[in-house]
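Throughout, read-outs are computed from the coordinates displayed, never taken from laboratory work. On a predicted model such as this, the values are computed, not experimentally measured, just so you know. Using ideal geometry, Cβ is built from the backbone for each residue, glycine included, and neighbour counts are taken over all protein chains shown.
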Amino acid sequence: MLSSNVTAQLLGGSLYLTDYSAGSRSLQVAQDTRNPALFTVTPGAGTRVNGLTTAAHFLVSQLSSDINITMNDGGTGSGSTDISINGSGLTIRGNLTVNVLGKGPDTIRATNAAIGASLFVCTNDGADQLLLSQIKVGMLTNIMTGAGPDTVTIQKSTFNSCFNLDGGLQGGDTLNVDDSTFHQAFCANMCTSGNTINVERDTSLPGSTTFLRPASFNYLGVLQRGGGGNINVATHDPASQVYFASAATFLAANVQTSVLGAHFNGCSPNYIWCTRAGIEITTASLPDWTQNQTGYSQIIHTDGGIGPLTFSVSAGALPVGFSINPTTGLISGTPTNVQTAHFTVLVIDANGPSDAQQYTVHINAPLQITTTSLVDWTQNLAGFNQPIATSGGTPAITFTVSTGTLPSGLNLNPSTGVISGTPNLAGVSHFTIRATDAAGSADTHDYAVTINPLVTITTTSLSDGTLNNYIAYSQTVATTGGTGSITFSLGAGRLPDGLTLDGSTGQITGRPTLVGTFNFTIVATDSLGATDSKPYSVVINDALVITTTSLPNPTKDVFYSTTIQSVGGTAPVQYTLYGGVLPTGL
């Protein structure tokens, strides 16, 4: 104990320091070279500590779990209270509580210190000043100021848990935030009108940031942001006015937030006020659906708020056939019209805060397979690629073979509906394709695909020909197998002069004009590009000439025999009576 006016107690690992003296006072908390905390009490004018006017010092080990500081001038309001905590890297293991119960004005400074648990600050009436600079708080931060105007300044500090500021009842308060980070909820209840909030430079505010004031007051504030970070502003009263300066970012303005419980009862620093009671719709979008398809069931999810919640459509209209459950937020039903519906869902909690979210839902026509048939193909020919096309339906569409089997070697892609592969067996396959959309709407279609054998030239050889024969040359190259029409072409060599190949029929015709042996290859190609080829050799012989110029005369009743000779021509050579009449008996 220092004197009758200034007392210090160390109880259960916690330091309690109380000053009941009148006049101006100064309390300083610092750290010495031996690494404990150094508390310095400087008495005011006319105040003596232990009979001396010099300062008193208290050393408190860093292992102390809690530090509690209470200053009370007895309500005289005859002086000011100045509390300075200069940690110089001090780590307070437990809670730091500062309670100033006098009339003020009060000044509280805390710099360069780490608080392992929670920070509680409570001031009473007067124009109070609170500065937190280079402070790290591991848990909850609760700050309660009395009737102001008060100024709270936060610089280069980090708050790992909820930060709550209750700004008193008379207005005119100022909150300055500069180059600080808030990792969880940031709540600033400035209570009445005429308050100013300044957020400067590289301050990072969490998504649950709220600036509150009661519904019975019209809030007029200035929110400034000079650096990065997103800022959410929430109010109880739709008539509130919020002005932005310095290129502020404004998000979720329609979020309304309330706080459970009253203010700090009796300015108690141990009152926990960190309830995120604001409500937010977290369902960002709703799925599309298909006309006349049952089973649509989507819940509008929310975060925060005090139940019971009430859901409604505040703008636009749900798709025809849908309804919203006002208690659960469930949107369900069977849509009966093809349409695109734009609507807004509003949720209101039991205390009045609300949130709204706009949605767009497309109701698509029923799914239908539009591919009526598939092409036939050739065995062992690569490149089969046939998509099953659809119209209507709600993505994504899936495809299956519901009956039958695909041709061997072909596969169906269930996501795209493409049938592809290389068929390896000839034959006719019958199968049914089923398409199903995301809503369960389905359609089926039957198909038959013929896999033909490879095209094969069956003509093994071609006949020889004769030069300038009065009977035209005509030979046909025959085939089996293949898909579609077969075309013929000369693959190598050349046809005999005077002969031509018909590409559609495979017929070689004409009158040879040159004697010789001609070697060439005929290629047969089906409509898909499958081919077969066959080499041929055709001899064009010289023209047929009868070399016997005359015949000996026969004698009556005497056996007659003579031979007509010829050269050239193409074997076999046949002789016929072309004109006149042979002698009787020959």
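Figure the gain on full extension for Ser537 and Ser332 (residue separation times 0.36 nm, minus the Cα-Cα span) and round it to one decimal in nm.
65.8 nm
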Residues with amide H under 5 Å from that of Thr378, placed H, sequence gap 5 or more: Asn452
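What's the FRET efficiency of Thr310 with Gln339 using the Cβ-Cβ distance as r and R₀ = 35 Å, to the nearest 0.05? Mind dumping the intermediate values first?
Numbers: r = 26 Å, r/R0 = 0.76.
After rounding to 0.05, the efficiency reads 0.85.
Full-extension gain between Asp557 and Ala396, please, as 0.36 nm times their residue separation minus the C-alpha to C-alpha distance.
Working: separation 161, 0.36 × 161 = 57.96 nm, distance 10.36 nm.
Value of the extension gain: 47.6 nm.
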As an exercise, use a Förster radius of 22 Å and the Cβ-Cβ distance of Thr153 and Thr91 to find the FRET efficiency, rounded to the nearest 0.05. 0.45
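If you stretched the chain out fully between Thr422 and His301, how much longer would it get, using 0.36 nm times the residue separation minus the C-alpha to C-alpha distance?
Details: separation 121, 0.36 × 121 = 43.56 nm, distance 4.98 nm.
Roughly 38.6 nm would be gained on extension.
Ranked highest first by the average count of other Cβ atoms within 10 Å around their residues, in what order do 412-422, 354-364 fall?
Values: 412-422: 16.0, 354-364: 19.2.
Going by the mean number of other Cβ atoms within 10 Å, highest first, we get 354-364, 412-422.
By average Cβ neighbour count within 10 Å, what is the ranking of 394-406, 563-575 from highest down? Write out the running numbers ahead of the final one.
Working: 394-406: 15.3, 563-575: 10.9.
Ranked from most to least packed, the peptides come out as 394-406, 563-575.
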Please quote Rg/Rh for segment 456-541 to two decimal places, taking the Kirkwood radius as Rh and restricting both calculations to Cα atoms. 0.99
Taking only the Cα atoms of segment 282-364, how large is their convex hull per residue, in Å³? 70 Å³
Rg/Rh for segment 274-414: what does it come to with C-alpha atoms and Rh from Kirkwood? 1.22
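Which order do the peptides 377-389, 424-436 take when ranked by the mean count of other beta-carbon atoms within 10 Å per residue, highest first? Display every interim value, and only then the final one.
Details: 377-389: 18.1, 424-436: 16.2.
The peptides rank, most packed first, as 377-389, 424-436.
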Relative to the compact globular guide of 2.2 N^0.38 Å, what is the alpha carbon radius of gyration of segment 369-449, as a ratio? 1.08
Under a plain spin-label model, where a point goes 7 Å from the Cα along Cα-to-Cβ, how far apart in nm are Val320 and Ala114? 6.7 nm
